[in-house]
Amino acid sequence: MSRPDERPLTRLPTLQPKKSSLELCVFCPKLCRSACPVSNAEPRETLTPWGKMSMAYFVANESVELAPSFANPAWACTGCFGCRESCDHKNDVTGTLFEARSALAASGVAPPAALRVIERFDERSAILATNALDLSSLAEVEESAPTALLIGCAYARHAPDEARDAVRATAKLVSGNVSVVKVCCGAPLLYAGAKKRFIQQGEMLAQAIKHKARLVVLDAGCASTLRVHHAAHGTGMIAPVEHFTELAARELGSLNRVEGLADGPVRYHDPCQLGRGLGVYDPPRDLLSRALGRAPDEFQRTRTDARCSGAGGLLPVTMPEVSRAIAATRVDEHVACGGGTIVTACASSAIKLRNQGASVVDLVTIVARALGV
Ligand code: SF4
Ligand code: SF4
């Protein structure tokens with residue numbers, strides 16, 4: 001039999017452009033192994049970044065059979081970009097594993113939980129279009145406004161108060177009304193392995209905002225999906241896309257101190273998609289410092305080295321116990337650092353950490369209070 005690197009990826013040919021990324025991991029001494037929240041929570045070699053990339057590679061070049069046991073590790077990833085930071089090559093494991101999910105799903109070996117996400121996508125993302133949150137009744141919402149605001153499905157479903165805070169705060173920051181976007185960015189389709197539909201969803205979103213001057217995005221996951229993953233697939237948006245914290249930090253002088261907030265530790269958790277995904281580390285800290293009147297408390301590992309909450313990449317549905325264990329570890333670290341309140345800028349992280357008993361406040365709520373809206 002020929003050497004592995006001489007075998008073409010005939011079984012999953014759409015992975016051919018990712019062959020060099022896969023091979024960096026396959027032939028690597030695994031420098032990133034301690035960075036992966038999934039293999040830290042469930043210590044199995046196949047769940048390390050190396051193991052996941054190797055399984056996809058060996059399925060693709062027909063070294064192993066096309067079977068769920070070899071395919072499923074591609075879905076054992078939160079998409080946290082943590083391994084990239086420990087990798088001398090800055091290898092794109094996140095993007096490659098998402099591409100592998102798509103190739104494996106097209107070959108009929110996606111996990112049932114991922115297939116259910118694809119089947120239910122239209123029904124679940126309809127919450128943005130059906131006005132279930134009644135955002136259009138807010139005085140700050142106007143369909144023809146030049147600033148579009150994408151709330152995201154996680155906020156729409158699980159954090160309606162924070163969604164309303166985002167509408168009011170964004171309107172105050174841009175000194176005008178906002179138009180609320182009714183189309184999902186398609187992140188669940190990307191994570192589940194439905195690449196064609198993911199790209200179509202991006203095109204629908206681009207169409208929906210084509211007359212807007214800018215798009216402000218509340219959810220860190222949606223912002224990273226647009227600026228990293230849609231951009232990589234050539235479905236970039238026409239209007240400039242910025243995360244809510246980037247907009248708010250430019251208007252820092254409009255924020256006042258929030259009384260009562262600084263009683264006890266207030267610890268900032270870097271959402272993976274906002275931090276490593278978009279490189280946005282200072283704006284949330286600047287906002288929080290302004291509202292607190294002092295620098296926020298920190299986890300032991302922060303910024304590029306911050307640890308994942310376990311909420312991303314569909315891990316809560318494909319490996320719910322592992323996802324819970326990751327979140328529990330973050331809360332234990334928070335308690336070990338002195339406890340208090342966790343502030344984050346990602347609805348999914350907030351839900352996960354809250355479910356493990358932590359007191360969590362979304363940064364958008366603090367900004368809204370600091371703006372007096
Ligand atoms: S991400 Fe980098 S360090 Fe980790 S296994 Fe792949 S090549 Fe090695
Ligand atoms: S992106 Fe995060 S979860 Fe995925 S393999 Fe890398 S470290 Fe693990």
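The values are calculated or read from the model by the stated rules, or taken from the named source; none is laboratory data. None of these values were measured; they are calculated from a predicted model. Cβ coordinates were reconstructed from backbone atoms using ideal geometry, including for glycine residues, and neighbour counts include every protein chain displayed.
Checking each residue in the stretch 40-56 for being more than 11 Å from ligand 1 (Cβ to nearest atom) and part of a helix (DSSP H, G or I) picks out 40, 41, 45, 46, 47, 55, 56.
If you go through the stretch 112-150 and keep only what is closer than 30 Å to residue 173 by Cα, out of contact with any strand residue (DSSP E or B) (no Cβ under 7 Å at 6 or more places or on another chain) and buried (at least 19 other Cβ atoms within 10 Å of the Cβ), you end up with 125, 128, 133. Residue 86: within 13 Å of ligand 1 (Cβ to nearest atom) and at pLDDT below 95, yes or no? When the stated conditions are applied, residue 86 passes them. Within the stretch 257-266, one or more residues are in contact (Cβ under 8 Å) with a residue 24 or more places away in the chain and either over 22 Å from residue 338 (Cα atoms) or assigned by TED's automatic domain parsing to the domain that holds residue 218 (or both).
Kindly indicate whether residue 91 is farther than 21 Å from residue 310 by Cβ, near ligand 2 (Cβ under 10 Å from one of its atoms) and in contact (Cβ under 8 Å) with a residue 40 or more places away in the chain. Don't jump to the end; show me each part of the working.
Values: farther than 21 Å from residue 310 by Cβ: yes; near ligand 2 (Cβ under 10 Å from one of its atoms): yes; in contact (Cβ under 8 Å) with a residue 40 or more places away in the chain: yes.
Yes: the conditions hold for residue 91.
Out of 76, 126, 110, report the one residue that is at negative phi, touching a Leu at 6+ places or on another chain (Cβ under 7 Å) and either without any contact (Cβ under 8 Å) to a residue 40 or more places away in the chain or within 16 Å of ligand 1 (Cβ to nearest atom) (or both). Steps first, answer last, please.
Details: 126 fails: touching a Leu at 6+ places or on another chain (Cβ under 7 Å); 110 fails: either without any contact (Cβ under 8 Å) to a residue 40 or more places away in the chain or within 16 Å of ligand 1 (Cβ to nearest atom) (or both).
Every option except 76 fails the conditions.
Restrict the check to the stretch 306-319 and report whether at least one residue is surrounded by fewer than 18 Cβ atoms within 10 Å (Cβ to Cβ) and not β-branched (Val, Ile, Thr). No, the stretch 306-319 contains no residue that is surrounded by fewer than 18 Cβ atoms within 10 Å (Cβ to Cβ) and not β-branched (Val, Ile, Thr). If you go through the stretch 68-85 and keep only what is in a loop (DSSP other than H, G, I, E, B) and more than 9 Å from ligand 2 (Cβ to nearest atom), you end up with nothing. Across the stretch 22-57, the number of residues qualifying as in contact with a Phe, Trp or Tyr (Cβ under 7 Å, 6 or more places away or on another chain) and among the hydrophobic types (A, V, I, L, M, F, W, C) comes to 5. Counting the residues of the stretch 12-36 that are under 23 Å from residue 105 (Cβ atoms) and either in contact (Cβ under 8 Å) with a residue 24 or more places away in the chain or away from ligand 1 (no atom under 13 Å from the Cβ) (or both) gives 14.
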